[in-house]
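Just below is one structure, and these are the notes that go with it.
The values are calculated or read from the model by the stated rules, or taken from the named source; none is laboratory data. This one's a predicted model, so the numbers in the text were calculated from it and none came from an experiment. All Cβ positions, even for glycine, are placed from backbone atoms using ideal geometry, and neighbour counts span all protein chains on display. SASA here: full protein model, heavy atoms, side chains in, ligands and nucleic acids out. Shrake-Rupley method; radii C 1.70, N 1.55, O 1.52, S 1.80 Å.
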Amino acid sequence: MRIRTTVAAVSGGLVLSALAVPAAQADGGGLHKPTAAERFGVSRAAMSAAADDEVPVISDVKVNGGKSIVFGTTGVKTFAVSLTASHSAGIQDAYIDLWHGKDLAHHDGVFAPNEQNATCTAVSATTSNCKLTITVDAGRELYMNSLAGTWHVTAAAVAADEAGSDYWNDFYGTHKLQRLSKLTANASPEPVKKGKTITVTGKLTRANWETRKYAGYSTQPVKLQFRKKDSDTYTTVKTIKTNNKGDLKTTVKATVDGFFRWSFAGTSTTPAVNAAGDFIDVK
């Protein structure tokens, strides 16, 4: 580990914050949290002078289409972010980023947009829809498992007036970042005589961003579900918890041909997942 010094905006001021990050992260990797002045080129004096003036109004902020952002152990993913902004003079630019931490002086992850300027399309003389994209390299930027969960969303816009009036909110909203989950199912023996006992096993795992491997997700409730051969609907048979290695095992009676699967509802850090159904031939 080595210490990286970053700049963050707190109540209009600049604060230096030392963040302990892996050496691999210290050469860039989105740990710098931009300020309104850096992004829009507005001086602090100009920002203060415009403090009592009309500022843009932001609405309809969307990150990844409203869906949680899910990453495995590696891989690069680009997702869209957008907002709607209004001002009597129109809108010339906008900004969205995601950041993780308890406050701006102590953050351990920032995902900034790829573009220098947003693409803002006017829908009226005062209102524009603005779009950006963000790219995240899981193998480089997701360096600890505690980054999974709730991230803050910064939303900002600058008006097309002479003063370049801006609105900037580092706590505009939140969005989920999750560790990819996997789930397996196996029912045996097969074929099996009607009324006999079958054993259904499985394993629930999720991405470990620190080891770059998948590891068992322990003590999680998982539903055993069944659907008949000619049906499209699964029904829940029972619910059990994974053991300390993420393993699942239970027994049921064989009645008719059909498919058994495990179904996990997900948590704040890990998405829901269904195992592929395993067919049982009942004689």
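Going through (1) over 30 Å from LEU83 (Cβ atoms); (2) in contact with a strand residue (DSSP E or B) (Cβ under 7 Å, 6 or more places away or on another chain) one by one, GLN178 falls short only on (1). Which of the residues belonging to the stretch 121-153 are buried (at least 21 other Cβ atoms within 10 Å of the Cβ), of a type in the set (A, V, I, L, M, F, W, C) and over 20 Å from LEU177 (Cα atoms)? Correct list: CYS130 only. For beta carbons closer than 7 Å, sequence separation of 6+ or different chains, a first residue in the stretch 123-149 that is in contact (Cβ under 8 Å) with a residue 12 or more places away in the chain and among the aromatic types (Phe, Trp, Tyr) and a second that is in a loop (DSSP other than H, G, I, E, B) and crowded, with 20+ Cβ neighbours inside 10 Å, the qualifying pairs are TYR143/TRP209.
For the stretch 187-211, filtering for residues that are in contact with a Gly (Cβ under 7 Å, 6 or more places away or on another chain) and either open to solvent by 40 Å² or more (accessible area, probe 1.4 Å) or without any contact (Cβ under 8 Å) to a residue 12 or more places away in the chain (or both) leaves 1. Which count do you get for residues in the stretch 209-240 that are closer than 16 Å to LEU183 by Cβ and of a type in the set (S, T, N, Q)? Qualifying residue count, the stretch 209-240: 6. Tally up the residues in the stretch 221-248 that are in contact with a Phe, Trp or Tyr (Cβ under 8 Å, 6 or more places away or on another chain), surrounded by fewer than 20 Cβ atoms within 10 Å (Cβ to Cβ) and part of a loop (DSSP other than H, G, I, E, B), please. Total satisfying the criteria: 2.
Restricted to the stretch 58-78, and to residues there that are more than 30 Å from GLU210 (Cβ to Cβ) and surrounded by 14 or more Cβ atoms within 10 Å (Cβ to Cβ), the residue that is farthest from the chain's Cα centre (by Cα) is ILE58.
Residues checked against (1) under 28 Å from ASP137 (Cα atoms); (2) of a type in the set (Val, Ile, Thr); (3) in a strand (DSSP E or B):
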{"residue": "GLY173", "(1), (2), (3)": "yes, no, yes"}
{"residue": "THR184", "(1), (2), (3)": "yes, yes, yes"}
{"residue": "THR251", "(1), (2), (3)": "no, yes, yes"}
{"residue": "PHE259", "(1), (2), (3)": "no, no, yes"}
{"residue": "THR270", "(1), (2), (3)": "yes, yes, no"}
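Do we have ILE96 as closer than 15 Å to TRP168 by Cα, more than 15 Å from the chain's Cα centre (by Cα) and touching a residue at least 40 places away in the same chain (Cβ under 8 Å) here? No, not satisfied. A search for C-beta distances below 8 Å between a residue of the stretch 212-226 that is farther than 16 Å from ALA185 by Cα and any residue that is modelled with pLDDT under 95 and open to solvent by 70 Å² or more (accessible area, probe 1.4 Å), counting only pairs 6+ apart in sequence or on different chains, returns nothing.
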